[in-house]
Amino acid sequence: MAQSFIKDLLERVDIFDTINRRITLKVKGENGWACCPFHNEKTSSFSVSRQKQFYHCFGCGEHGNAISFLMKYEGLDFTSAVEKLAQENGLQVRYEGNPVKRNPEAPRLVDLMGKAQEYYRSKLQTNPSALKYITDRGLTAETIEKFGIGFAPDNWRNLSEIFGSANTKYLIEAGLQREGKNGNEPYDFFRNRLMFPIRNVRGQVIAFSARTMTSEEPKYINTGETPIFKKGSEVFGLYEAQRFIREKNRAIVVEGQMDVIQLSQAGFKEACAPLGTAIRSEHVERLLKVTDHVIFSFDGDNAGRKAARRAMELTLPLLKEAQKASFLFLPEGEDPDSYVKNYGAPEFEKLLSQAQPLSSYLIDNLSEGLDLKVPEDKSEFLSAAAPLVRSISNSLYRSAVLSNIAKAAGVNDVRVLAAQLGVSLPAAASAPDRRFRGGFQPWIPQNAAHSNYGFQKRRVAPEKNRLLRTVLRNFVLYPQLAVLYEKAATELFSTIENETAQTILSLIAIIFKESEDGYSIQNSLISIPDPLSPQFEETVEAARSLILTIVSLEEGKELIQEELIRGRDLGTNYFAAEKETQTIFFKFELEHIEEEKKNLLSGELTEEDKDLLRVYQNKAKLLKAQIQDLTKKISKDLQ
């Protein structure tokens with residue numbers, strides 16, 4: 001894809017219109033505002049600047065251009081986001097070098113599938129038996145319309161009559177017709193069946209799933225592989241569900257299309273189902289791009305439990321920081337469709353809230369039928385667990401799962417068990433070289449010695465992890481910020497049990513580490529030009545390249561590479577990054593002070609405690625004012 005085209009696209013596209021088509025923006029001053037689509041909030045902190053062609057959330061720190069918005073909001077990869085943005089704005093994508101090979105007939109096939117869907121929908125309305133069947137299943141007119149359900153009449157050549165012989169080749173290529181045997185004419189593949197369109201994430205019809213209304217087998221037949229449909233990667237109902245998945249921050253994965261439709265009608269609009277005979281890693285990966293929580297709801301029979309085991313094995317390597325998966329098993333003989341009808345939506349919601357975490361299900365599944373007090377059974381359990389734990393890419397999650405396995409097996413030393421099973425655990429983070437002095441310092445009250453003031457070991461919520469990712473991105477994009485905040489970062493982040501926080505400390509250590517001849521990246525930053533100087537970017541880029549060279553030689557530093565790529569893509573300038581970083585440090589410090597205030601107020605206050613409380617209150621007030629001031633400045637920069 002030509003870089004010049006991407007630049008032209010961003011210059012011609014209006015980000016305000018792009019986002020406003022998906023979420024309603026309210027104009028205040030020169031910017032549009034809305035509640036952030038990427039985290040839950042009640043007040044509008046998501047800002048879209050028409051002048052800067054940029055969006056920024058002051059709550060979670062998400063920001064970027066029109067392309068990155070589509071990637072995040074619709075779960076698209078970069079190429080798909082560019083293509084969709086170009087299509088929406090009537091532009092033809094330009095490629096250079098070795099362009100991605102695309103079927104030149106794909107647009108015609110998509111158009112044909114859309115027209116076929118309209119035909120099937122019209123036939124549903126004129127077929128009393130099909131309408132009665134589907135309404136007897138409890139589907140409302142609104143649901144039928146939402147999912148575009150139709151009916152294929154019982155005739156061998158319906159589509160030939162509608163589209164004409166000139167389109168026979170394309171009807172066959174799209175999977176709507178099959179070649180006749182012995183030289184006979186092509187015939188319609190779908191006949192006398194309810195038609196459920198399968199849409200891609202752009203909303204285009206690319207395939208159909210057809211259900212019989214009789215005792216005919218198989219119950220469902222689906223479009224085969226075509227130039228526009230790859231069954232192993234598509235998720236039924238994802239197009240209809242993606243907005244609700246983001247709003248609820250969860251996706252409910254069920255086994256069948258009717259389960260999806262019935263759940264959606266009952267209020268669970270975040271439901272979807274994999275296409276094909278079994279769930280695949282591509283399905284899970286696609287879902288984890290749009291949500292941090294996937295709930296697998298399977299039938300309680302043997303087939304459902306086999307599907308759950310496969311889902312567990314596929315999901316473990318794909319979970320990133322702050323993401324999770326859960327498993328819900330319905331009573332035998334029930335599926336989501338029947339359960340909601342028999343017991344109601346509130347009862348199903350109750351089951352969802354009790355869904356078993358993946359880590360717990362893993363232990364229950366592997367230990368089923370075993371007595372872990374018996375050495376032979378314990379050995380079998382640990383042998384089965386080893387490859388699954390090794391497959392986990394998230395080092396902190398891997399450690400937590402292994403700890404649970406050790407506890408279940410009665411093993412006291414987790415690191416000994418890790419060595420026996422060939423599982424790598426993250427090394428304890430070491431503080432970076434502390435030769436640098438000055439810069440941003442964490443605040444500690446002068447009379448706090450008696451109160452055990454300090455940053456205790458703690459975990460952070462997912463929304464706080466977004467702030468940490470922003471700090472990491474700014475540090476690797478502008479390493480001089482890491483130098484400036486070295487002491488504060490060490491004090492704050494060395495106590496946070498979080499992969500991103502530990503990666504920030506590793507990055508600082510890389511920047512301060514000296515070679516045998518005394519050279520360090522920090523030394524190269526001492527004489528860095530002014531940010532407004534033409535030589536500034538060149539000097540900083542040299543430091544970034546050196547960091548990447550060092551990182552490439554180490555394992556577990558993928559986050560640094562990811563955030564540098566994202567930082568370059570977003571193009572945040574130094575001054576904005578500096579203000580953004582300072583605001584985040586103030587927020588963490590304010591949170592800590594509020595905790596200290598709460599601890600003081602939990603007991604009886606001495607006079608000394610009262611004096612300290614006043615110090616905390618004054619500092620908290622100052623920090624809030626500083627955060628508000630910096631937020632206004634960032635907002636002004638984006639106008």
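Of the listed requirements (1) within 19 Å of Ile279 (Cβ to Cβ); (2) among the aromatic types (Phe, Trp, Tyr); (3) at pLDDT 95 or above, Phe329 misses just one: (3). Which ones in the stretch 600-614 are open to solvent by 50 Å² or more (accessible area, probe 1.4 Å) and either touching a residue at least 12 places away in the same chain (Cβ under 8 Å) or not in a loop (DSSP other than H, G, I, E, B) (or both)? Leu601, Glu607, Glu608, Lys610, Asp611, Arg614 - these are the residues of the stretch 600-614 that are open to solvent by 50 Å² or more (accessible area, probe 1.4 Å) and either touching a residue at least 12 places away in the same chain (Cβ under 8 Å) or not in a loop (DSSP other than H, G, I, E, B) (or both). Taking the stretch 296-307 as the range and being of a type outside the set (Lys, Arg) and surrounded by fewer than 22 Cβ atoms within 10 Å (Cβ to Cβ) as the test, the residues that pass are Gly300, Asp301, Asn302, Ala303, Gly304, Ala307.
For Ile245, the conditions (1) in a loop (DSSP other than H, G, I, E, B); (2) within 25 Å of Ala308 (Cα to Cα); (3) of a type in the set (Val, Ile, Thr) are fulfilled apart from (1). Out of Gly183, Gly164, one residue alone is open to solvent by 60 Å² or more (accessible area, probe 1.4 Å), without any contact (Cβ under 8 Å) to a residue 12 or more places away in the chain and farther than 19 Å from Val260 by Cα. It is Gly183.
Exactly one residue out of Phe244, Phe196, Phe190 is aromatic (Phe, Trp, Tyr), under 30 Å from Cys36 (Cβ atoms) and in contact with a helix residue (DSSP H, G or I) (Cβ under 9 Å, 6 or more places away or on another chain): that is Phe244. Among the residues making up the stretch 394-421, those that are surrounded by 14 or more Cβ atoms within 10 Å (Cβ to Cβ), modelled with pLDDT of 85 or more and not aliphatic (A, V, I, L, M) are Tyr397, Arg398, Ser399, Ser403, Asn404.
Residues being over 27 Å from the mean Cα position of the chain (by Cα) and free of Cβ contacts under 8 Å to residues at least 24 places away in the same chain are entirely absent from the stretch 70-87. Can you spot a residue in the stretch 52-72 that is touching a helix residue (DSSP H, G or I) at 6+ places or on another chain (Cβ under 8 Å), among the β-branched types (Val, Ile, Thr) and farther than 30 Å from Arg466 by Cα? No, the conditions are met nowhere in the stretch 52-72.
Does Pro357 qualify as being in contact (Cβ under 8 Å) with a residue 12 or more places away in the chain and out of contact with any Gly (no Cβ under 8 Å at 6 or more places or on another chain)? So Pro357 passes the test. Restricting attention to the stretch 311-331, does a residue exist that is among the hydroxyl-bearing types (Ser, Thr, Tyr), more than 22 Å from Ala384 (Cα to Cα), touching a residue at least 40 places away in the same chain (Cβ under 8 Å) and in contact with a helix residue (DSSP H, G or I) (Cβ under 6 Å, 6 or more places away or on another chain)? Within the stretch 311-331 (the criterion being among the hydroxyl-bearing types (Ser, Thr, Tyr), more than 22 Å from Ala384 (Cα to Cα), touching a residue at least 40 places away in the same chain (Cβ under 8 Å) and in contact with a helix residue (DSSP H, G or I) (Cβ under 6 Å, 6 or more places away or on another chain)), the answer is no, since none of the residues qualifies.
When the stretch 255-274 is filtered for residues that are in contact (Cβ under 8 Å) with a residue 60 or more places away in the chain, part of a loop (DSSP other than H, G, I, E, B) and buried (at least 23 other Cβ atoms within 10 Å of the Cβ), only Phe268 remains. Considering the stretch 337-357, the residues that are within 25 Å of the chain's Cα centre (by Cα) and within 16 Å of Gly267 (Cβ to Cβ) include one that is surrounded by the most Cβ atoms within 10 Å (Cβ to Cβ), namely Phe348. For the stretch 134-145, filtered to residues that are open to solvent by less than 60 Å² (accessible area, probe 1.4 Å) and either part of a helix (DSSP H, G or I) or in contact with a strand residue (DSSP E or B) (Cβ under 9 Å, 6 or more places away or on another chain) (or both), the residue that is modelled with the lowest pLDDT is Ile134. Close contacts from the stretch 615-636, counting a first residue that is farther than 21 Å from Lys598 by Cβ and a second that is open to solvent by less than 100 Å² (accessible area, probe 1.4 Å) and at pLDDT below 80, with Cβ to Cβ under 6 Å and a gap of 6+ residues or different chains, come to Thr631/Phe58. Would you check if there is a residue in the stretch 570-580 being among the β-branched types (Val, Ile, Thr), under 36 Å from the mean Cα position of the chain (by Cα) and not in a helix (DSSP H, G or I)? Checked against the condition, which is being among the β-branched types (Val, Ile, Thr), under 36 Å from the mean Cα position of the chain (by Cα) and not in a helix (DSSP H, G or I), the stretch 570-580 yields at least one hit. Scanning the stretch 186-217 for residues being buried (at least 17 other Cβ atoms within 10 Å of the Cβ) and either over 39 Å from the mean Cα position of the chain (by Cα) or in the same structural domain as Glu83 (by the TED database) (or both) gives a total of 4.
The values are calculated or read from the model by the stated rules, or taken from the named source; none is laboratory data. Remember, it's a predicted structure, so these values are computed and weren't measured experimentally. Positions of Cβ are generated from backbone atoms using ideal geometry, with glycine treated the same way; all protein chains shown enter the neighbour counts. Areas reflect the complete protein model, heavy atoms only, side chains present, ligands, DNA and RNA absent. Shrake-Rupley method; radii C 1.70, N 1.55, O 1.52, S 1.80 Å.
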